[in-house]
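Step one of this worksheet: look at the structure below.
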Amino acid sequence: MTPANVSPQSADILKGTLDMLILKVVAFGPIHGYAISQRISQISREFFQVTQGSLYPALHRLEERGWLDAEWRDTPTGREAKFYKLTRTGRKQLEVAVSDWEKMSDAVALILRTAH
Amino acid sequence: MSIASRIRHFFRRRREGRAADAHQLDSEMQFHIEQQSADYIAQGHSPDEARRRAAAQFGSQAAVIEGSRDARWETRIEQFVQDLRFGFRVLGKTKRSTILSICALALGIGSSTIIFTIMYNGVLHPFAYRSADRLTTLHLLDSAAPNGEKRSVFYLDEIVAFRERNHSFEDIVGYANWFVLYSHDGVWESLHGAAITPNTLDVLGMQPIIGRGFAPDDYKHSTPPVVLLNWRLWHSLYHEDPSVIGKQITLDDVPRTIVGVMPKRFQHLGADIYLPTAWDQARPANLTQADMRQPQYFWATGIIKKGVTAKQASEDLTLIAQSLKAAHPDDFPKDIRMGTQLLTDAVVGNLKDTLVLLIVAVVLLLLIACSNVAGLLLAQASARSREIALRATLGASRARLVRQLLTESLALALAGCIAGCALAAIGVKYVVAALPPGRIPWEADVSLNRYALVFAVSVSLLTTLFFGLSPALHAIRGDLARRLASSGGTGNAANSGSGARFRSALVACQIALSILLLVTAGLSLRSFFALTRVDLGIDPHNVLLADLQFPAQQYGTTEQKRQFFSELLTRVSAIPGVTHAATLIESPLQGAPFTAITIPGSVHGEEWNANADIVSADYFDSLGLHLLKGRLLTPVDEDSARFVAVVSRAFADRYFPGADPLGHTVKLNAFDTLPDSPRNAYFEIVGVVSDLRTNGPKQASPPQVYLPYTVTPFGDRSLIVRTSIPPANVVNSLRLAVAAIDHNVALVSPRALEDNLNENVYAAPRFSVLSFGLCASVGLLLAIVGIFSVMAYTVSLLTHEVGIRMALGAPRAAILRMVLGYGARIIGAGVVLGLAGSFVVARAMRTEVWGVSAFDPLTFVAVAASVIAIGVSACYIPARRATEVDPNIALRHE
C-alpha cells in the first residue's frame, strides 16, 4: 500500500498492518476486493490508498494462510464477484493483531510524549 | 488438509487447475476495474474516460496477477521446479566440470553411505529379533581374577533359577553348541547344531517360515525326536524345497523329523540346525566323555526390562547367584558378581574402532569432494557473473538469486546422490566381502535399505549447503549492476581475483585433508608390514589342518584312539605329496588348552600356567618347530603312553631361568578334573623346542607343554599334515584314508594353515590398509584434480599479465617459476595444515597402530614429500601453458 504523505521509510512497518486492516474490514461481513479497497480508503478518510498491486496479493496470502475464505457469488447488480469472509482462525488472528497493534501504538505514543 | 492431500491437490491444480485459476484471478481483476469505472461514471466521467482511468489506476494487470500468485505456496514449488530444471540445463552446458563434480560427489556420498550401511545394519542393528536392543548376555564375574571373567556358560538349572527368580528380565533363553554328525548317501558331515530352550523362538520373536516351531511334546524323551532347520542349510542342502517338512534326517545316529525352517535372519549362533532342549535336563553327577557330547553348559541371553539399568540387573542376578553358590560352592569363585552385556555390544568387538576411524575417513573424503565441487562452482559463478548481474538488474532479489544458485547445486547433489547410491549398492557387497570374517553377526543383512537411502539423501542435502552456499554468496557479492556495466569479457577482475583466492584456499584444504587420509593409510600400512614381519615360529606354508569327529560313544579309550591314529598316520604319510602328518588337539595359532601347572621343587607366589597340547611324534616337523635341547617325542613314548613332556623355550625361560629343565617334572592340574585323564600325574621334561606365537603375532609366545597323545583319551582330535604340493590337493586322499579305517569318522573343515592365518590374523589389518588406502587415494586424486583446475584457471587469468611480462623481456623460466611458485604456496599451506592435523589423527589412531609409533616420522615425511611432489607436477602442465603464451595475442586480446 502506498499511504499518501507517508515517508517511504515507514512503509515497512505499515506493511504488516495491511493484513490487519483487511481482516478488520472483512470482519464486518462478506465483501469483495474492490469494496475492501474502497472501505479502507473511506474509513481512513483517504489517508490510505490501497493499490491493487498490494491488495490482491495480500488477499490471496490471507486466503492461503486460512484466515480468509472466499466464494464466488452474485453482487446486487447481478455480476459475479469473489467475496471474502473471515474464518475462525482469521478472527483470532485479527484479535491478536489488534491487541499487538494497540500495545505497540501505546508504547510508541508513550515514548513520543515523554522522551524529549 | 493433510500433507499428502495437499500434494495431490497441488498436482491436480497444476495439471488441470492452473488455467482455471488464472481465469479466476483474471475475472476478479476484471470485476475490480469494472466497479472502479462504474464509480467514475457515477462521478460524471464519460464511460471511455472512466474505463481508461480505472485501468490506469489498476496498473499492470499481469504484475498484480503475478503478485497474487506469489502469495500461494504452490508458486514456490513451481519456482523451485523451474530452478531445478534450469539447474539441470546449466549442468548440461558445462559438461566437463559437471561430470567431475558428480564423480566427486558420488565418491563422497557413495563411500559414506557404504560405511553408514555397514555401521547401521551390521553393527548397530544387526538383529531382526524382538527387542534386539535389549537382548543381554549373562556372565559370571570373579572380582579376584585378572580379567574379571569367570565363565559365561551356565548349567541349565542355574539358568532356570535366574529365569524364575529375577526381577529385571522379561525372559531368559539358554542355548549351546551341539555339533552332530550327519550321514547321507554314505557321506559323513559335521553339522553345527544348537540346543535351544523351549522359550527361545517366542522370546526372540521369530517363527519358522514353513512348518512349525517346537511343541511342548517335542521336549519329552518319549516322543520322536525333531529338528528345526536353519535357512542356510535348507538352501544349501535342500535347495529351498518346502517338502522337507516331515522328512527325516539322521543326526548322531538318531533319526529326527524336520518340523520347520527358520527365516533367513534367524541365525542364532550361526547354527545349521536347532535341537529342542527341555528346561529340566538333569545335571550329571560325574562327567563322562559321553555326557560331554551333549551340551551341559549353556549361554544365557535375556531381554532386559525397559528402564532397568545394567547395574540393577547385575545386582538382581548377583543375589540369585549367591544363593546358587550355597548349593554348589565349587562352581563359583569366592567373590562373585553377575555381569551383563548387550548382545549388540558383545558381537561388535574391535570392528567398531576400525569403523569409527573409517567414518572419520569418509567424512574427510566427503569434505574433500565438497570443497572440490565448491571450487568448480566458484569458477562457473565467475564465468556466469554477467548472467547473474543481468538477472539482478532485471529485478531478481539477492535472496532469489541465492535460492536459484542453491537449487542448481541441489540438482548437482541429486545427480551425485543417485550416482553415489548406485556406487554404494555395488560397493557395499565388495566391502562386506573384504571385512575380516566373523566380525558381523550372521543375522545382519547389510544392504542398502531405506535408512541408508535416507542417509544418502540427507548427506546430499547437507553437502548442497556445504559446497553450494559459499559460491552462491560469493556470486552475488558486490555491486551487481556495475559488474554488468563493465564491459570486460568474464566480469571484473577484482571479483575473479577474490574468487581465485577463495579457490586456492579450498585447494589448500583439500590437500590438508588428503594428507590426513594418507597419514592414516600410511600408519595402517606400516602396522600391517610390522605384523607380517613377525616370525610366528613356524612355517605356515603348505600345512593342512582338519578336525576329526568320532561317532558318539566310540573311540572313548586311549587304546582305541592309539590304534586309530597309528593306522591313520601311517596311511596319511603314504599319500603322495605328504611329508609329515601328526595328530593334535588344538590348531596352532587359534589359542590352546590352558592349564595351571605344578613344578615340584619350585616356590612361587602367583599361579603358574602353560598352554598344553597333546600330539603325536611328527607334530614338531609338521609345524616346523626346532629341537633346542634334549629330544623330541618318539613313537615309543606314544605306544607306552609314557609320562614325558617336551616344553617350549618360553616355558624353560620362564619357569627354569638359568637352569636346565631336562629331568624336572611338571603336572598339568587340569588333568585332575578332566574325565578319564591321569590324576596327579607328573611328566618328565625330555626336550625343549623353539617358540610358537600361538596367540597371534601381537602376543609373545606363551609357555607351552607338549605331551604324547596317548596319555588321555579326552578331547577332540585334529590332524596336521605338511605337504610338498598345494595342501588342498591332498584333502580327498585324506578323506579316503579316514574312511578306509572307519567310515563313521568324519573329517571336518579341512583348511590350509596359511588361509586360516590370513583370515584370523591378517584380515583385520589388511581391511584397514585397503579401506584407508582407498579413501586416501581417492582423496588425493580429488585434491590433485582440485589443484590442477585451480592452476589452469589462475593461468587463464594471468594470461594478460604474462603477456606484458614477456613483452617486457621476462624469460620463460621466470614465468614458469612465477606460476609454479604460486602453486607451491598453495600446496605448502595445505601440507603444513595437513601435518598439523595429522598429529591429532595419529593420536586418535594409537590403538589401531601396532609395531610402529603413531607419530612414525617415516610415514609423515613420506606422505608430505609425495604430496608435494605430486602436487607440483600437477601444477607443471598449466605452468608450461603459461610460458607458451604469445605476448602479441595476449595483449591484442585486450
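The values are calculated or read from the model by the stated rules, or taken from the named source; none is laboratory data. These numbers were taken from a predicted model, which means no experiment stands behind them. Don't worry about glycine lacking a Cβ; one is built from the backbone with ideal geometry, like all the others, and counts go over all protein chains shown.
State all residues of the range B:393-450 that are surrounded by fewer than 20 Cβ atoms within 10 Å (Cβ to Cβ), hydroxyl-bearing (Ser, Thr, Tyr) and under 23 Å from B:SER382 (Cα atoms); if no residue qualifies, say none.
Passing the criteria: B:THR393, B:SER397.
Take the residues of the range A:38-50 that are assigned to a loop (DSSP other than H, G, I, E, B) and surrounded by fewer than 15 Cβ atoms within 10 Å (Cβ to Cβ): which is nearest to the other protein chains (Cβ to nearest Cβ)? Full working, then the answer.
Within the range A:38-50, the subset assigned to a loop (DSSP other than H, G, I, E, B) is A:44-50.
Remaining after also requiring surrounded by fewer than 15 Cβ atoms within 10 Å (Cβ to Cβ): A:44-47, A:49.
Working: A:SER44: 17, A:ARG45: 17, A:GLU46: 14, A:PHE47: 18, A:GLN49: 10 Å.
The selected residue is A:GLN49.
For the range B:776-823, give me each residue that is farther than 24 Å from B:VAL863 by Cα and of a type in the set (Gly, Ala, Ser).
B:ALA792, B:SER796, B:GLY803, B:ALA807, B:GLY809, B:ALA810, B:ALA813, B:ALA814
Taking into account only those residues within the range B:831-853 that are over 13 Å from B:LEU516 (Cα atoms) and not β-branched (Val, Ile, Thr), which is modelled with the lowest pLDDT?
Kept after step one, since they are over 13 Å from B:LEU516 (Cα atoms), are these residues of the range B:831-853: B:846-853.
Applying the additional criterion that residues be not β-branched (Val, Ile, Thr) yields B:846, B:848, B:850-851, B:853.
Values: B:ARG846: 82, B:GLU848: 79, B:TRP850: 84, B:GLY851: 85, B:SER853: 88.
Among those residues, the one meeting the criterion is B:GLU848.
Residue-wise test of (1) closer than 25 Å to B:VAL173 by Cα; (2) modelled with pLDDT under 80.
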| position | (1), (2) |
| --- | --- |
| B:SER243 | no, no |
| B:ASP253 | no, yes |
| B:ALA271 | yes, no |
| B:PRO276 | yes, no |
| B:GLN289 | no, yes |
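Return yes when B:GLU66 is surrounded by 14 or more Cβ atoms within 10 Å (Cβ to Cβ), of a type in the set (D, E, K, R), at pLDDT below 75 and more than 26 Å from B:CYS417 (Cβ to Cβ) and no when it is not.
Numbers: surrounded by 14 or more Cβ atoms within 10 Å (Cβ to Cβ): yes; of a type in the set (D, E, K, R): yes; at pLDDT below 75: yes; more than 26 Å from B:CYS417 (Cβ to Cβ): yes.
For B:GLU66, the condition - surrounded by 14 or more Cβ atoms within 10 Å (Cβ to Cβ), of a type in the set (D, E, K, R), at pLDDT below 75 and more than 26 Å from B:CYS417 (Cβ to Cβ) - is met.
Cβ contacts < 6 Å: first residue without any contact (Cβ under 8 Å) to a residue 24 or more places away in the chain, restricted to the range B:850-863; second residue surrounded by 17 or more Cβ atoms within 10 Å (Cβ to Cβ), any location; separation 6+ or different chain. Result?
Pairs found: B:PHE855/B:ALA842.
Could you check the range B:770-786 and list, in sequence order, the residues that are among the small types (Gly, Ala, Ser) and buried (at least 24 other Cβ atoms within 10 Å of the Cβ)? So that I can check it myself, show each step before the final result.
We begin by selecting, within the range B:770-786, every residue among the small types (Gly, Ala, Ser); these are B:771, B:773, B:776-777, B:779, B:783, B:786.
Selection gives B:SER771, B:ALA776, B:GLY779, B:ALA783, B:GLY786.
Does A:LEU23 fit the bill of being touching a residue at least 40 places away in the same chain (Cβ under 8 Å) and touching a Leu at 6+ places or on another chain (Cβ under 8 Å)?
Working: touching a residue at least 40 places away in the same chain (Cβ under 8 Å): yes; touching a Leu at 6+ places or on another chain (Cβ under 8 Å): yes.
Yes: the conditions hold for A:LEU23.
For (1) within 18 Å of B:MET29 (Cα to Cα); (2) at pLDDT below 80; (3) more than 12 Å from the chain's Cα centre (by Cα), each residue gets a yes or a no:
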{"site": "A:ALA4", "(1), (2), (3)": "no, yes, yes"}
{"site": "A:ASP12", "(1), (2), (3)": "no, yes, yes"}
{"site": "A:LYS15", "(1), (2), (3)": "no, yes, no"}
{"site": "A:ASP19", "(1), (2), (3)": "no, no, no"}
{"site": "A:ILE22", "(1), (2), (3)": "yes, no, no"}
{"site": "A:GLY33", "(1), (2), (3)": "yes, no, no"}
{"site": "A:PHE47", "(1), (2), (3)": "no, yes, yes"}
{"site": "A:ALA70", "(1), (2), (3)": "yes, no, yes"}
{"site": "A:THR77", "(1), (2), (3)": "yes, yes, yes"}
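Mind checking which residues of the range B:221-255 are in a loop (DSSP other than H, G, I, E, B) and closer than 17 Å to B:GLU189 by Cα? Explain how you work it out, then say what you get.
Here is the first cut: in the range B:221-255, the ones in a loop (DSSP other than H, G, I, E, B) are B:221-225, B:230, B:239-241, B:245-247, B:252-253.
Once the filter is applied, which keeps residues that are in a loop (DSSP other than H, G, I, E, B) and closer than 17 Å to B:GLU189 by Cα, the range B:221-255 yields B:ASN230, B:ASP252, B:ASP253.
Taking the range B:712-752, which residues are buried (at least 19 other Cβ atoms within 10 Å of the Cβ), in contact with a Lys or Arg (Cβ under 8 Å, 6 or more places away or on another chain) and not in a strand (DSSP E or B)?
If the condition is that a residue be buried (at least 19 other Cβ atoms within 10 Å of the Cβ), in contact with a Lys or Arg (Cβ under 8 Å, 6 or more places away or on another chain) and not in a strand (DSSP E or B), then B:PRO713, B:ALA737 are the ones that fit.
In this structure, does A:GLY53 turn out to be part of a loop (DSSP other than H, G, I, E, B) and not charged (D, E, K, R)?
Taking the combined requirement at face value, the residue does not satisfy it.
Return the only residue of B:PHE214, B:PHE179 being in a strand (DSSP E or B), out of contact with any Cys (no Cβ under 7 Å at 6 or more places or on another chain) and either modelled with pLDDT of 90 or more or among the aromatic types (Phe, Trp, Tyr) (or both). So that I can check it myself, show each step before the final result.
Details: B:PHE214 fails: in a strand (DSSP E or B).
Answer to the selection: B:PHE179.
Filter the range B:199-230 for residues that are in contact with a strand residue (DSSP E or B) (Cβ under 9 Å, 6 or more places away or on another chain) and of a type in the set (Val, Ile, Thr); which is surrounded by the fewest Cβ atoms within 10 Å (Cβ to Cβ)?
This residue is B:ILE209.
Could we say that B:SER514 is surrounded by 18 or more Cβ atoms within 10 Å (Cβ to Cβ), hydroxyl-bearing (Ser, Thr, Tyr), touching a residue at least 12 places away in the same chain (Cβ under 8 Å) and assigned to a helix (DSSP H, G or I) here? So that I can check it myself, show each step before the final result.
Details: surrounded by 18 or more Cβ atoms within 10 Å (Cβ to Cβ): yes; hydroxyl-bearing (Ser, Thr, Tyr): yes; touching a residue at least 12 places away in the same chain (Cβ under 8 Å): yes; assigned to a helix (DSSP H, G or I): yes.
Answer is yes for this residue.
Kindly provide the set of residues from the range B:543-583 that are on the phi > 0 side of the Ramachandran plot and crowded, with 20+ Cβ neighbours inside 10 Å, ordered by number. First the steps, then the outcome.
We begin by selecting, within the range B:543-583, every residue on the phi > 0 side of the Ramachandran plot; these are B:553, B:555, B:577.
Correct list: B:TYR555 only.
Search the range B:450-467 for residues being of a type outside the set (Val, Ile, Thr) and at pLDDT below 85, and hand back the single one that is farthest from B:VAL761 (Cα to Cα).
B:LEU465
For the range B:829-859, give me each residue that is surrounded by fewer than 17 Cβ atoms within 10 Å (Cβ to Cβ) and over 27 Å from the mean Cα position of the chain (by Cα).
Hits for the range B:829-859 are B:VAL832, B:ALA836, B:PRO857, B:LEU858.
Residues B:HIS221, B:HIS235: which one is free of Cβ contacts under 8 Å to residues at least 40 places away in the same chain and closer than 15 Å to B:VAL261 by Cα?
On the way: B:HIS221 fails: closer than 15 Å to B:VAL261 by Cα.
After ruling out the rest, the residue left standing is B:HIS235.
Report, by residue number, each residue of the range A:18-37 that is within 14 Å of chain B (Cβ to nearest Cβ) and β-branched (Val, Ile, Thr).
Of all residues in the range A:18-37, those within 14 Å of chain B (Cβ to nearest Cβ) come to A:18-19, A:22, A:31-37.
A:ILE22, A:ILE31, A:ILE36 - these are the residues of the range A:18-37 that are within 14 Å of chain B (Cβ to nearest Cβ) and β-branched (Val, Ile, Thr).
Anything in the range B:347-388 that is modelled with pLDDT under 80, touching a helix residue (DSSP H, G or I) at 6+ places or on another chain (Cβ under 9 Å) and farther than 30 Å from B:ALA521 by Cα? List them, or say none.
Of everything in the range B:347-388, those that are modelled with pLDDT under 80, touching a helix residue (DSSP H, G or I) at 6+ places or on another chain (Cβ under 9 Å) and farther than 30 Å from B:ALA521 by Cα turn out to be B:ALA379, B:GLN380, B:ALA381, B:SER382, B:ARG384, B:SER385, B:ARG386.
Taking into account only those residues within the range A:61-72 that are part of a helix (DSSP H, G or I) and surrounded by fewer than 23 Cβ atoms within 10 Å (Cβ to Cβ), which is nearest to the other protein chains (Cβ to nearest Cβ)?
First, pick out the residues of the range A:61-72 that are part of a helix (DSSP H, G or I): A:61-64.
Among the residues that remain, those that are also surrounded by fewer than 23 Cβ atoms within 10 Å (Cβ to Cβ) are: A:61, A:63-64.
On the way: A:ARG61: 4, A:GLU63: 8, A:GLU64: 5 Å.
Restricting to residues being part of a helix (DSSP H, G or I) and surrounded by fewer than 23 Cβ atoms within 10 Å (Cβ to Cβ), the top hit is A:ARG61.
Take the conditions modelled with pLDDT of 85 or more and in contact with a His (Cβ under 7 Å, 6 or more places away or on another chain) and apply them to A:PHE83. Does it pass?
Working: modelled with pLDDT of 85 or more: yes; in contact with a His (Cβ under 7 Å, 6 or more places away or on another chain): yes.
Yes.
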